[in-house]
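The values are calculated or read from the model by the stated rules, or taken from the named source; none is laboratory data. Bear in mind that the values here come from a model prediction, so they are computed numbers and not experimental data. Cβ placement follows ideal geometry from the backbone for every residue including glycine, while neighbour counts extend to all protein chains displayed.
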């Protein structure tokens with residue numbers, strides 16, 4: 001680990017002992033981070049977050065802790081907000097497809113408000129196979145789809161739930177929906193066709209958490 005900090009900001013932080021600290025100006029710090037990663041006068045070089053295997057995450061499954069599955073949700077602000085909601089409702093983690101999910105960028109981390117470091121994030125190659133593995137681990141897989149006839153409250157019941165959400169506009173892909181045990185919709189007013197995917201995730205997590213208590 002290594003830290004760069006402006007002299008003005010240094011007094012605001014409790015810098016750890018034994019970590020190399022370099023004083024720099026604001027312009028220097030701006031060159032150390034991506035353009036979408038705002039800093040507050042301090043930048044730390046740390047090791048990347050460890051990769052997590054789906055099998056290891058499923059081994060940690062507990063009744064009442066929902067799992068979120070994102071089907072090609074690629075906007076970093078949405079994924080960051082979903083991570084934040086996942087942390088708030090003590091979700092087991094999130095699962096995304098490796099090639100159709102945003103990188104761990106500054107914009108995503110800012111939207112996650114710290115949840116990127118606390119909520120397990122599993123990236124898989126084949127989402128349909130991952131959904132099958134969840135079923136084998138005892139998860140009831142509910143796909144959120146606006147065209148569903150069942151409301152989410154009706155689909156909930158089992159203590160282990162995987163909530164599957166698709167990208168805005170396109171929604172769940174057919175193959176992902178086919179690997180769900182039930183399709184359900186949120187009971188929103190007819191005046192609004194749908195919710196932002198991060199808002200839908202927050203509402204679904206709340207409903208699943210209440211049902212699992």
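The table below lists the values:
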quantity: Within the range 160-172, considering residues that are surrounded by 17 or more Cβ atoms within 10 Å (Cβ to Cβ) and out of contact with any strand residue (DSSP E or B) (no Cβ under 6 Å at 6 or more places or on another chain), the one modelled with the highest pLDDT; calculated: 160
quantity: The range 58-86, residues that are surrounded by fewer than 17 Cβ atoms within 10 Å (Cβ to Cβ), touching a helix residue (DSSP H, G or I) at 6+ places or on another chain (Cβ under 7 Å) and in a helix (DSSP H, G or I); calculated: 77
quantity: Selection status of residue 144, touching a strand residue (DSSP E or B) at 6+ places or on another chain (Cβ under 6 Å), over 17 Å from residue 212 (Cα atoms) and touching a residue at least 24 places away in the same chain (Cβ under 8 Å); calculated: yes
quantity: Condition check for residue 153: under 25 Å from residue 63 (Cα atoms), in contact with a helix residue (DSSP H, G or I) (Cβ under 8 Å, 6 or more places away or on another chain) and surrounded by fewer than 21 Cβ atoms within 10 Å (Cβ to Cβ); calculated: yes
quantity: Selection within the range 87-118 - more than 27 Å from residue 178 (Cβ to Cβ) and crowded, with 21+ Cβ neighbours inside 10 Å; calculated: 108, 111, 112, 115
quantity: Positions within the range 111-139 being part of a loop (DSSP other than H, G, I, E, B) and under 23 Å from residue 159 (Cα atoms), in sequence order; calculated: 118, 119, 120, 137, 138, 139
quantity: Residue in the range 187-197 that is closer than 21 Å to residue 87 by Cβ, at pLDDT below 90, touching a helix residue (DSSP H, G or I) at 6+ places or on another chain (Cβ under 6 Å) and in a loop (DSSP other than H, G, I, E, B) present; calculated: no
quantity: Filtered residues of the range 183-202 (kept if buried (at least 17 other Cβ atoms within 10 Å of the Cβ) and either more than 17 Å from the chain's Cα centre (by Cα) or free of Cβ contacts under 8 Å to residues at least 40 places away in the same chain (or both)); calculated: 183, 184, 185, 186, 195
quantity: Top-ranked residue in the range 24-44 [being in a strand (DSSP E or B) and touching a helix residue (DSSP H, G or I) at 6+ places or on another chain (Cβ under 8 Å); ranked as modelled with the highest pLDDT]; calculated: 42
quantity: Residue 69 under 18 Å from residue 120 (Cα atoms), assigned by TED's automatic domain parsing to the domain that holds residue 115 and in contact with a strand residue (DSSP E or B) (Cβ under 6 Å, 6 or more places away or on another chain); calculated: yes
